[in-house]
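**Student:** Please see the structure below; I have some questions.
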There are 2 protein chains.
Amino acid sequence: MSATPGVGDYGPYFPGSRKIYREGARRDLRVPFRRIELGHMRGQDGTIRRHPPVEVYDTSGPHCDPAVEVDPREGLPELRADWIREREAGGAVTQREWALRGVITPEMEFAAIRENEAGEGAAEGREVQHPGEDFGAGIPARVSAEFVRREIAAGRAVLPASRRHPESEPMVIGRAFRTKINANLGNSAGRSSLEEEVEKMRWSTLWGADTVMDLSTGEAIPDTREAILRNSPVPVGTVPIYEALRRAGDDPAGLDWPLFRDVLREQAEQGVDYMTLHAGVRRDTLPSALRRRTGIVSRGGSILARWIQLRGKENFIYEHFDEVCALMREYDVAFSLGDGLRPGCLADANDEAQFAELRTLGELTRTAWNRGCQVMIEGPGHVPLHRIAENMERELEDCFEAPFYTLGPLVTDIGAGYDHVNSAIGGSVMAWHGAAMLCYVTPKEHLGLPDRDDVREGVVVHRMAAHAADLARGIPGAQVRDNAISAARYDFRWRDVINLCLDPERARRFRYGGDSAAEEEEVDVRYCSMCGEQFCSMRMSRRVAEEDS
Amino acid sequence: MSATPGVGDYGPYFPGSRKIYREGARRDLRVPFRRIELGHMRGQDGTIRRHPPVEVYDTSGPHCDPAVEVDPREGLPELRADWIREREAGGAVTQREWALRGVITPEMEFAAIRENEAGEGAAEGREVQHPGEDFGAGIPARVSAEFVRREIAAGRAVLPASRRHPESEPMVIGRAFRTKINANLGNSAGRSSLEEEVEKMRWSTLWGADTVMDLSTGEAIPDTREAILRNSPVPVGTVPIYEALRRAGDDPAGLDWPLFRDVLREQAEQGVDYMTLHAGVRRDTLPSALRRRTGIVSRGGSILARWIQLRGKENFIYEHFDEVCALMREYDVAFSLGDGLRPGCLADANDEAQFAELRTLGELTRTAWNRGCQVMIEGPGHVPLHRIAENMERELEDCFEAPFYTLGPLVTDIGAGYDHVNSAIGGSVMAWHGAAMLCYVTPKEHLGLPDRDDVREGVVVHRMAAHAADLARGIPGAQVRDNAISAARYDFRWRDVINLCLDPERARRFRYGGDSAAEEEEVDVRYCSMCGEQFCSMRMSRRVAEEDS
């Protein structure tokens, strides 16, 4: 991690882009988008055709707003402080409770405005989109705040927004909404510093991470988390068992409920928005998990399995689930019920251990809902392509449509070095079938810790997978950007083509290799230099079309 | 392109691998595989457990056999010269004609042996595999030579093996077989040399390209092709209209049937194994294609569209299709009926222009079959994820199950710089549903010409997509390598994990960054250094399992 990206704006990464806001029902409700300005085109008859800008969902927060000066030691402005304060003493606490009372919170409105990425019809080509196939997701033509409320009340969506993380820009996770992606941060023993982790968070959200998880297991866990939280414009998730194990001297035998409860409370106090809790790893499902080809590959799952074995007791998170719910409700921390028994290889996919745990997670979901908490469910892992739909269907049934948050899945075990692609394949299919959020995987998966380039690569390919799924599910307006880039391509508006890409900086570098003269020159060239003038299909095609009309 | 990879062996790219051969019914029928030797494991009780090697399909040819010395100026040994000679004066010419007569050629046997990658049961974990879902592909438990014959006779498979390319190692393309991938080579005007293209071919086949296409449009087209053919262990495809256009002085108006026929014959004489012919671009479908968002994006398609417009006549390849068939039959060049009207963006996917052309290709398929020729059909392009299956179903119906050879498809238009991933997503789903071969896409797609690293990246991710599809369709033995790597991972046999990867050299570099001391050290470490000893889920899981038993 070296230079700070996006200070004041999007830096060199998104040329032609600037941050804009759409205002909601109250003055302090301003929803950010990244507006991509397009060039104008002079036709052969001399007339100028103007192309309206394309506005896209923006996760980068105030870090990319030149009007906001962010001092990482101070943290971000507290966007939601008033909203949270105004609700105090209202009786309800969590977004779920307000939703059940029929109240639309500012957070719900904010998230709703955000979902309508393509705006109110300004964009060209809005009407051109393939009808989707959404497997019952119930995607509306336009996302209203009331719709967000209803989805949260029904448990079909989660709005992770801790009362102690007022800096975050609200977003909603559910299969009726745009597919979200998560990027993992966090140090391991002896690796990477606090500053690096904060920088990685900013870098991830610049590229499009909708949430980040701090998976630190190394030194200074609370300080790292504090720094990330105060600077994060997106919800932050954690896996509290990691810190608990550290406090137990790295010995699972030293864990117990009081220790774990303290960790939960301290993390909740800091403002963690959602927590992975492996409450579904139960004593009676362990034997089948241990007979598998790769046993238990979830770190949290294996720690709890060891504890269960050493103590000869039931999982303490399961046993104390009511107390956990009370604590989660108090701060509105969303549950991310962890799949501690997720398959670690294809051979173990969709097996009894996995599905037994899923049923337990369903039970717990109901309990948590009854206690006013928000819940999402974590999913695999490694699953062959043709058994992905089954995973999704089971989750919807066993967990009553609570949002599914999956890791990939990877569709083969032999892809190390390219597991980001492996995960993008499985993730796009999973999200099409209904997964609400994909956890990113980087090229270093299974091999080492990701560096800055790996994080970018991981985020961008999962943004692509999420977008492919949004198109397939039929999210309204999802095709606007595709249509815009294709029109630009046919016009040889190269600058627009590049600026509309998921990663304009890379596209530009690949095309011009830093040769700015070549870039300037191409602005007026009416063919693509790859195939050369005579072999340019689009040039030829346009010519045929023009002479034909 | 610099150093020559794999001279004498697999170079530094596949450590622990060596080439082996399985013999067929005749002594000169030796089918290559890459054998990955696995390490032995000393258990905690001191016993040594031996892991049998894993043998995988090998496209690299004699270039990676240390027993064969290849001089690129001389070309490869003529593996099939005797087989071809023995058949002369037999009346039948093409593999299809022999198949229809009930004759199993050595090529069919060779291809059959090759398909049974996992061998005869030596590999561990052979019995563990998810049953596939093959949409009627009719995948057998074991591929016999007779089965290959039957599939070719039925037109459901193609065995591209020109009589003039005796150097090639036979392989079969069809949806009852392993999914194949193609890598494109070829210079454009003023770019890359002959040596570079030959080297790119060797590089592609080292990583797993099952065929290569020479798409040269620049200088010295015939010489480049000759050099590639004489050194290529895999079938070589071309798009003859490119060379024809060059000869017509880059002016479509200068094209005509006699000129095109000469090009076809000369290319067939040289030994091209399959040719893309855009015979389906017809006069009456042009208007609908020209009204599209991105018109015609196939180079061949646009050239023919222009010719049709200028001359006011029907496509000359369509008009002279009988003569084309006679010529293709004479050399046993397989048809690859080009989709000149394939969609160039999502908005144009699955439209009338595309499907009208597909129906024409179906008609032509029947004609070519009746003339004894082998046929495959080229497919899109750009298609949203949820409309991929429809493409495949239409192709199977309209083209009578002739093998489908698709370019991706890309599932979004905004992925430039990452279009290899985009294509791997669409390609894996398309191949699962029945595509027999995927044309690779590199990270430079839409932006520039691929370099050496791009080619490798493109081939490897498409090998991954193909493998994911093979697992989904249920190709017997497809999961053996996944099972082996997962077992190795659970044993912390890091060397085996790396050697079993699709790209071991990259996996090793990502893990150790060239630090060989770290690599040596890890051989005996019983945890994964990523999470550290205390947070290693597999270590914990093994420990729980061991103490539990």
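**Student:** Scan A:ARG85, A:ARG96 and give me the residue that is at pLDDT 90 or above and in contact with a Cys (Cβ under 7 Å, 6 or more places away or on another chain).
**Tutor:** Selected residue: A:ARG96, the only one of A:ARG85, A:ARG96 that is at pLDDT 90 or above and in contact with a Cys (Cβ under 7 Å, 6 or more places away or on another chain).
**Student:** So if I check each of B:GLY75, B:GLY16, which one is under 30 Å from B:GLU457 (Cβ atoms), among the small types (Gly, Ala, Ser) and within 24 Å of the chain's Cα centre (by Cα)?
**Tutor:** Just one listed residue meets the conditions, B:GLY75.
**Student:** Mind counting the residues in the stretch B:413-428 that are more than 7 Å from chain A (Cβ to nearest Cβ) and in contact with a Leu (Cβ under 8 Å, 6 or more places away or on another chain)?
**Tutor:** 4
**Student:** In the stretch A:517-524, is there at least one residue being touching a helix residue (DSSP H, G or I) at 6+ places or on another chain (Cβ under 8 Å), assigned to a loop (DSSP other than H, G, I, E, B) and either more than 7 Å from chain B (Cβ to nearest Cβ) or surrounded by fewer than 23 Cβ atoms within 10 Å (Cβ to Cβ) (or both)?
**Tutor:** So far as the stretch A:517-524 goes, yes, one or more of its residues are touching a helix residue (DSSP H, G or I) at 6+ places or on another chain (Cβ under 8 Å), assigned to a loop (DSSP other than H, G, I, E, B) and either more than 7 Å from chain B (Cβ to nearest Cβ) or surrounded by fewer than 23 Cβ atoms within 10 Å (Cβ to Cβ) (or both).
**Student:** Take the conditions over 30 Å from A:GLN374 (Cβ atoms), within 9 Å of chain B (Cβ to nearest Cβ) and aliphatic (A, V, I, L, M) and apply them to A:LEU471. Does it pass?
**Tutor:** No.
**Student:** Residues in the stretch A:402-450 that are over 22 Å from B:VAL497 (Cα atoms) and among the charged types (D, E, K, R): how many?
**Tutor:** Of the residues in that region, 0 qualify.
**Student:** Going by the conditions given, is A:PHE492 crowded, with 20+ Cβ neighbours inside 10 Å and over 17 Å from B:CYS345 (Cβ atoms)?
**Tutor:** No.
**Student:** While we're looking at this one, here's another question. Residues in the stretch B:69-77: is at least one open to solvent by 50 Å² or more (accessible area, probe 1.4 Å) and at pLDDT 95 or above?
**Tutor:** Within the stretch B:69-77, one or more residues are open to solvent by 50 Å² or more (accessible area, probe 1.4 Å) and at pLDDT 95 or above.
**Student:** Output the residues belonging to the stretch B:198-253 that are of a type in the set (D, E, K, R), buried (at least 24 other Cβ atoms within 10 Å of the Cβ), assigned to a helix (DSSP H, G or I) and free of Cβ contacts under 8 Å to residues at least 60 places away in the same chain.
**Tutor:** Answer for the stretch B:198-253, where residues must be of a type in the set (D, E, K, R), buried (at least 24 other Cβ atoms within 10 Å of the Cβ), assigned to a helix (DSSP H, G or I) and free of Cβ contacts under 8 Å to residues at least 60 places away in the same chain: just B:ARG225.
**Student:** Right, another one. Let me spell it out: the conditions are (1) buried (at least 24 other Cβ atoms within 10 Å of the Cβ); (2) within 14 Å of chain B (Cβ to nearest Cβ); (3) of a type in the set (A, V, I, L, M), and A:ALA389 meets all of them except one. Which number is the exception?
**Tutor:** Among (1) buried (at least 24 other Cβ atoms within 10 Å of the Cβ); (2) within 14 Å of chain B (Cβ to nearest Cβ); (3) of a type in the set (A, V, I, L, M), A:ALA389 violates only (1).
**Student:** Which residues, counting only those in the stretch A:307-320, are in contact with a helix residue (DSSP H, G or I) (Cβ under 7 Å, 6 or more places away or on another chain), buried (at least 18 other Cβ atoms within 10 Å of the Cβ) and part of a helix (DSSP H, G or I)?
**Tutor:** A:TRP307, A:ILE308, A:GLN309, A:PHE316, A:ILE317, listed by residue number.
**Student:** Is there a residue being within 14 Å of another protein chain (Cβ to nearest Cβ) and at pLDDT 95 or above anywhere in the stretch B:211-230?
**Tutor:** No: zero hits.
**Student:** Another one. May I ask you to verify whether B:GLY458 is surrounded by fewer than 24 Cβ atoms within 10 Å (Cβ to Cβ) and either more than 7 Å from chain A (Cβ to nearest Cβ) or in a loop (DSSP other than H, G, I, E, B) (or both)?
**Tutor:** no
**Student:** With B:VAL103, B:VAL93 as the choices, which residue is over 25 Å from the mean Cα position of the chain (by Cα), among the aliphatic types (A, V, I, L, M) and within 21 Å of B:CYS373 (Cα to Cα)?
**Tutor:** Matching residue, one of B:VAL103, B:VAL93: B:VAL103.
**Student:** Scan the stretch B:405-433 for residues that are under 15 Å from the mean Cα position of the chain (by Cα) and on the phi > 0 side of the Ramachandran plot and jot them down.
**Tutor:** Result: B:GLY408, single match.
**Student:** Oh, and also: Out of the stretch A:440-488, which residues are touching a Cys at 6+ places or on another chain (Cβ under 8 Å) and hydrophobic (A, V, I, L, M, F, W, C)?
**Tutor:** Passing the criteria: only A:ILE485.
**Student:** Failed condition for B:GLY280, given (1) under 30 Å from the mean Cα position of the chain (by Cα); (2) within 8 Å of chain A (Cβ to nearest Cβ), with all others met?
**Tutor:** (2)
**Student:** Tell me the residue from B:SER537, B:SER541 that is open to solvent by less than 60 Å² (accessible area, probe 1.4 Å), within 8 Å of chain A (Cβ to nearest Cβ) and farther than 28 Å from B:VAL461 by Cβ, please.
**Tutor:** From the options B:SER537, B:SER541, the qualifying one is B:SER541.
**Student:** All but one of (1) open to solvent by 10 Å² or more (accessible area, probe 1.4 Å); (2) closer than 30 Å to A:ARG394 by Cβ; (3) more than 9 Å from chain B (Cβ to nearest Cβ) hold for A:ALA431, so report the exception by its number.
**Tutor:** A:ALA431 satisfies all of (1) open to solvent by 10 Å² or more (accessible area, probe 1.4 Å); (2) closer than 30 Å to A:ARG394 by Cβ; (3) more than 9 Å from chain B (Cβ to nearest Cβ) except (1).
**Student:** Still on this model: Within the stretch B:329-363, which residues are of a type in the set (A, V, I, L, M, F, W, C), in contact with a helix residue (DSSP H, G or I) (Cβ under 7 Å, 6 or more places away or on another chain), open to solvent by less than 10 Å² (accessible area, probe 1.4 Å) and within 19 Å of B:GLY300 (Cα to Cα)?
**Tutor:** B:VAL333, B:PHE335, B:LEU337, B:LEU341, B:CYS345, B:ALA349, B:ALA353, B:PHE355
**Student:** Being aromatic (Phe, Trp, Tyr) and away from chain B (no Cβ under 14 Å) is the filter here, so list the residues in the stretch A:231-277 that pass it.
**Tutor:** Matches in the stretch A:231-277: A:TRP257, A:PHE260, A:TYR274.
**Student:** While we're on this one: State the number of residues belonging to the stretch A:304-322 that are facing chain B (nearest Cβ under 10 Å) and over 14 Å from A:GLY280 (Cβ atoms).
**Tutor:** 4
**Student:** On to the next question. Every residue in the stretch B:258-277 that is touching a residue at least 40 places away in the same chain (Cβ under 8 Å) and open to solvent by less than 20 Å² (accessible area, probe 1.4 Å), please.
**Tutor:** B:PHE260, B:LEU264, B:GLN267, B:ALA268, B:GLY271, B:VAL272, B:ASP273, B:TYR274, B:MET275, B:THR276, B:LEU277
**Student:** Could we say that B:THR59 is at pLDDT 85 or above and hydroxyl-bearing (Ser, Thr, Tyr) here?
**Tutor:** For B:THR59, the condition - at pLDDT 85 or above and hydroxyl-bearing (Ser, Thr, Tyr) - is met.
**Student:** Could you please give the count of residues in the stretch B:474-509 that are facing another protein chain (nearest Cβ under 7 Å) and part of a loop (DSSP other than H, G, I, E, B)?
**Tutor:** Number of matching residues: 5.
**Student:** Taking B:ARG114, is it in contact (Cβ under 8 Å) with a residue 24 or more places away in the chain and open to solvent by less than 30 Å² (accessible area, probe 1.4 Å)?
**Tutor:** Yes.
The values are calculated or read from the model by the stated rules, or taken from the named source; none is laboratory data. Keep in mind that this is a model prediction, so the values were computed, not measured. Counting neighbours? That spans all protein chains shown, and the Cβs are built from the backbone with ideal geometry, glycine included. With ligands, DNA and RNA removed, areas are computed over all heavy atoms of the protein, side chains included. Shrake-Rupley method; radii C 1.70, N 1.55, O 1.52, S 1.80 Å.
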